[in-house]
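Below is one structure, written out as structure tokens; the observations come after it.
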Amino acid sequence: MIRVMLAEDQGMIRGALASLLGLEPDIEVVGEAADGAQALAVALDVRPDVALLDIEMPGTDGLTACATITERVPGCRVMILTTFGRPGYLRTAMEAGAVAFLVKDSPARELAAAIRRVHAGERVIDPGLAAAALSAGPNPLSGRERDVLAAAADGSTIGDIAAKLHLSEGTVRNYLSSAIQKTQARNRIEAVRRAQAQGWL
């Protein structure tokens with residue numbers, strides 16, 4: 001039996017996945033979690049063969065949980081299953097130790113097949129997303145540029161961002177200007193939108 005853990009914050013989707021996988025003769029769902037922190041706790045407790053993680057979860061997200069589970073439960077192979085097929089997310093997931101990246105609009109029958117392939121030691125990546133990630137290249141934004149752009153996403157003023165990140169207003173302007181240039185945007189709102197679309201934030 002392939003022992004699988006599911007981490008998905010939406011209860012209905014998590015239940016549907018568990019039911020779907022429960023129909024497979026060689027797959028057993030041994031644990032479920034609603035966020036990244038809980039996913040780590042469950043993974044440490046049940047030591048699954050495969051962990052299936054969503055990216056967008058409250059608190060600790062799936063990409064952060066992936067890195068921690070990979071490190072602390074070395075026998076567990078992590079798969080990312082997400083609504084957000086963004087090239088930057090794929091790259092980040094692979095760097096965090098994920099061995100599979102599937103989008104939720106894939107046919108349901110592909111999920112069990114992907115779990116079997118991952119358990120057998122293969123990598124499984126959505127081909128369209130892999131091509132997009134290669135053409136998009138690495139994230140051009142520095143850590144500080146990402147912080148400043150993320151803080152600007154809700155429409156905060158330069159002063160608000162500076163206070164929140166403990167930076168001077170001039171430094172915030174410099175980071176924003178650099179981020180706008182790197183994302184080839186016209187302004188910070190467009191820069192935020194482009195960075196989010198690529199999975200860079």
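Quick check on segment 5-57: what are the equivalent-ellipsoid semi-axes from the Cα gyration tensor, as sqrt(5λ), descending, whole Å?
Numbers: eigenvalues 57, 40, 10 Å².
Ellipsoid half-lengths, sorted descending, are 17, 14, 7 Å.
Roughly speaking, to the nearest percent, how much of segment 1-111's 1.4 Å accessible area is carbon and sulfur?
52
Would you kindly compute the Cα radius of gyration of segment 1-107 and its largest Cα-Cα separation (Dmax), both in Å?
Computed over the Cα atoms of segment 1-107, radius of gyration and Dmax are 12.3, 35 Å.
What angle do you read, to the nearest 10 degrees and between 0 and 90, between the alpha-carbon axis of helix 36-46 and the longest principal axis of the chain?
30
Let me have the 222 nm mean residue ellipticity of the chain computed from DSSP H runs of 4+ only, each contributing -39500 (n - 2.57), with the sum over all residues rounded to the nearest 500.
After summing the helix terms and dividing by the residues of the chain, the value is -16000 deg cm²/dmol.
Quick check: net charge around residue 181, other residues with Cβ under 13 Å of its Cβ, Lys/Arg +1 and Asp/Glu -1?
So the surrounding residues net to +3.
Tell me the net charge near residue 56. Cut-off is 12 Å between Cβ atoms, residue 56 excluded, with +1 for each Lys or Arg and -1 for each Asp or Glu.
-3
Computed over the Cα atoms, what is the radius of gyration of the chain divided by 2.2 N^0.38 Å, N being its residue count?
Normalised by 2.2 N^0.38 Å, the Cα Rg of the chain equals 1.13.
Any idea of the accessible area per residue across the chain, 1.4 Å probe, to the nearest Å²? Could the numbers behind the result be given before it?
Numbers: 9820 Å² over 201 residues.
Result: 49 Å² of accessible area for each residue.
Quick check of the Kirkwood formula: for segment 100-201, what is the inverse mean of 1/r over all pairs of different Cα atoms, in Å?
Radius from the Kirkwood sum: 15.7 Å.
Can you give the local net charge around residue 148? Use residues other than it whose beta-carbon is closer than 13 angstrom to its beta-carbon, Lys and Arg +1, Asp and Glu -1.
Taking every other residue near residue 148 into account, the sum is +1.
Can you tell me the dipole magnitude for segment 58-201 around its Cα centre, using point charges on the Cβ only (Lys, Arg +1; Asp, Glu -1), in Debye to the nearest 20? Intermediate results must be reported in sequence, preceding the final value.
Details: 18 positive and 13 negative charges, 46 e Å.
The calculated dipole for segment 58-201 is roughly 220 debye.
The values are calculated or read from the model by the stated rules, or taken from the named source; none is laboratory data. Every value quoted in this text rests on a predicted model; they were computed, and no experiment measured them. Quick reminder, even Gly has a Cβ in these numbers, built from the backbone with ideal geometry, and neighbours come from all protein chains shown. These area figures cover heavy atoms from the full protein model, side chains too; ligands, DNA and RNA do not enter into them. Shrake-Rupley method; radii C 1.70, N 1.55, O 1.52, S 1.80 Å.
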